[in-house]
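Heads up: the structure comes next, in structure tokens.
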Amino acid sequence: MLSFNLENNVEKIDTKWIEKKYQKEVDKIWNDVVNKTAAGSNMTGWLNLKEIYCPEEVQAMKAKANEWTKAGIKDIVVIGIGGSYIGVKAAIDMIKCGDETGPRMIYVHNMNSNYMLSIMQKLEGKKFGIIVISKSGTTLEPAIGFRLFRNLLEKNVGSDNSKKLIVAVTDEQKGTLHDFAKAKGYTMFRIPNTIGGRYSTLTPVGLFAMASSGIDIEKVLNGAKHAINDLNNTSLSQNTAYQYACCRHYLHTSKHIQVENFITYDPFMYMICQQWQQLFGESEGKDFKAMYPTYSLFTTDLHALGQYLQQGTRNFMETTLMVKKPNKDMKLVIEDNDDGLKYLNGKTLDSLTKKAFEGTIKAHTEKGKVNNFIIEISEADEFHYGYLFMWLSYAAMMSGYLLKINPFNQPGVEDYKSNMFALLGRNK
């Protein structure tokens with residue numbers, strides 16, 4: 001299912017050491033979360049499966065996705081930013097693994113003119129679906145994107161016909177997008193008030209787009225359910241998400257590690273790295289604390305960053321996400337040695353990747369003296385996405401609380417927004 005391996009760390013941290021150093025603190029934090037006395041604990045609805053799993057809502061999302069399939073929708077524009085975009089694409093990329101059956105998912109997450117207009121030109125004259133994801137509807141990037149693509153769709157198919165092709169995922173009671181969608185008669189799905197953006201992927205924020213792409217969202221939720229069952233205990237001998245949080249905290253606060261490099265060897269898992277970055281970056285980066293979260297795609301980036309990672313400044317740690325069984329694989333059949341590759345005859349592409357991984361871990365740990373941790377999931381499927389996302393969410397929450405900050409707010413983000421709106425002349 002999911003395992004966390006901490007055997008390749010230079011500091012020789014093991015589970016017994018973690019228990020001795022952190023168990024009491026972790027117990028207290030969890031007790032405060034459960035009793036709603038921890039900072040931001042009103043935003044922990046994602047810990048409750050009843051909050052994220054509403055059977056009627058799941059069936060409604062599946063029915064709407066099926067309606068679009070029957071209508072022959074071949075393109076779906078997903079409009080959102082931050083947690084309203086990253087988790088959606090991370091899940092679909094990981095689970096579908098390049099499978100192009102079903103509609104083409106087009107993500108609008110930037111208001112750059114070149115980017116936006118190039119997408120609009122490709123959809124000129126076409127019938128397409130729109131999923132707009134925004135709790136308030138006032139965040140500038142999705143608001144601009146929704147206006148432009150809504151107008152394009154109305155021009156292409158007519159105002160009345162467009163209503164069935166637009167779904168708003170937004171606040172269930174109020175807000176600019178909620179009010180507009182209600183007035184227009186669009187289908188709406190809720191963003192729970194107790195779940196913030198980066199923790200919301202397993203709500204309609206991510207689930208409707210997943211269902212629309214052909215993913216079985218019941219299996220995703222089943223993975224999340226298993227993770228909640230496994231992680232709703234504080235024993236550091238069992239809770240691997242909390243083990244990971246404690247290792248990060250110790251290396252940052254006691255060993256002055258300033259950067260964590262999150263690594264995947266699969267390009268279809270690259271967006272998972274971005275989701276990890278947002279979870280930890282937005283949850284921890286407050287009060288001038290926390291490690292800087294960055295990520296790499298190996299083996300590609302080993303040919304750009306490998307030298308630095310091996311012999312550069314020793315101010316970082318590494319965490320690698322691996323998949324035990326790939327969705328696809330092939331065995332090499334090499335009968336000649338014209339290109340010097342006959343020694344690889346009979347080996348699979350996945351086995352080559354695994355050997356590159358083993359060699360890198362050995363080099364970075366033994367000679368590079370970098371602390372390495374390994375997260376391994378059995379497969380890259382619906383169940384394991386649900387499990388992995390929940391596991392990372394538990395880890396990010398605990399890691400934030402260990403730093404004594406609120407892991408569920410992002411007050412610093414408002415600074416750039418205030419400046420931008422003032423420069424644009426928006427009235428308060």
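Summary table
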quantity	calculated
Three principal axis lengths of the stretch 293-428 [C-alpha, angstrom, descending]	72, 38, 36
Average accessible surface area per residue within the chain, 1.4 Å rolling probe, Å²	46
Long-range tail of P(r) for the stretch 103-189 (Cα pairs > 16 Å, %)	51
Filtered trypsin sites (Lys or Arg not before Pro), the stretch 4-37: DSSP coil and at most 16 other beta carbons within 10 Å	K12, K36
Relative contact order computed over the stretch 236-322 (Cα-Cα under 8 Å; 6+ residues apart), in percent	42
Rounded FRET efficiency, nearest 0.05, which uses the C-beta distance separating N193 from K24 and R0 of 35 Å	0.60
Within the accessible area of the stretch 174-296 (1.4 Å probe), percent carbon and sulfur	50
Probe 1.4 Å, all protein chains present, accessible-area order of T170, T194, T101, largest first	T101, T194, T170
Reachable lysines from K174, criterion Cα separation under 16 angstrom, eight or more residues apart if same chain	K135, K182, K184
Exposure of W30 as accessible area (Å², to 10), given a probe of 1.4 Å and all protein chains	40
Dimensionless Rg over Rh [the stretch 42-95; C-alpha; Kirkwood]	1.03
Per residue convex hull volume, Cα atoms of the chain, in Å³	171
Amide H contacts under 5 Å for I191, placed H, 5+ residues apart	T170, D171, E172
Antiparallel DSSP beta bridges within the chain, as percent of all bridges there, nearest 5	15
Cα convex hull of the stretch 30-128, projected area averaged across orientations, nm²	9.2
Vicinal HN-Hα couplings computed from phi for the stretch 369-376 (Karplus, 6.51 cos²θ - 1.76 cosθ + 1.60; Hz; Gly/Pro x)	6, 9, 6, 10, 10, 10, 9, 10
Of K50/K126; K122/K164; K28/K225; K50/K325, those spanning more than 27 Å from alpha-carbon to alpha-carbon	K50/K126; K50/K325
Whole-Hz ³J(HN,Hα) from phi, Karplus 6.51 cos²θ - 1.76 cosθ + 1.60, for the stretch 144-152, glycine and proline x	5, x, 5, 4, 5, 6, 5, 4, 5
Alpha-carbon radius of gyration plus Dmax, which is the widest Cα pair, for the stretch 209-264 in Å	16.3, 46
Percent RCO, i.e. relative contact order, over the chain, from Cα pairs under 8 Å lying at least 6 residues apart	24
Protection proxy ranking, peptides 323-334, 288-299, average beta carbon neighbours within 10 Å, highest first	288-299, 323-334
Inter-site label distance for K342 and F180 at 7 Å from Cα along Cβ, in nm	6.6
Residue order for L423, L123 - accessible surface, 1.4 angstrom probe, largest first	L423, L123
Backbone HN-Hα couplings from phi across the stretch 243-250 [Karplus 6.51/-1.76/1.60, Hz, Gly and Pro as x]	4, 4, 4, 5, 4, 4, 4, 5
Sequence-distant aspartates and glutamates (8 or more away, or on other chains) whose Cα lies within less than 18 Å of K369	E7, E11, D14, E260, E318, E358
Accessible surface of the stretch 349-428, 1.4 Å probe, proportion on carbon and sulfur as whole %	55
Mean Cα-pair separation over length for the stretch 54-158, i.e. relative contact order, pairs under 8 Å, 6 or more apart, %	35
Gap separating the Cα centres of the stretch 331-409 and the stretch 114-190, nearest whole Å	38
Residue-averaged 222 nm ellipticity for the chain, from DSSP H runs of 4+ at -39500 (n - 2.57), nearest 500	-15000 deg cm²/dmol
Cross-link reach list, aspartates and glutamates versus K328, counting only Cα pairs under 16 Å and skipping chain neighbours closer than eight places	D93, D99, E100, D266, D350, E379, D381, E382
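The values are calculated or read from the model by the stated rules, or taken from the named source; none is laboratory data. Small disclaimer: the values here were computed from a predicted structure and weren't measured. Neighbour counts are summed over all protein chains in view; Cβ atoms, including those assigned to glycine, are modelled from backbone coordinates with ideal geometry. Protein only, heavy atoms only, side chains kept; ligands, DNA and RNA dropped before computing areas. Shrake-Rupley method; radii C 1.70, N 1.55, O 1.52, S 1.80 Å.
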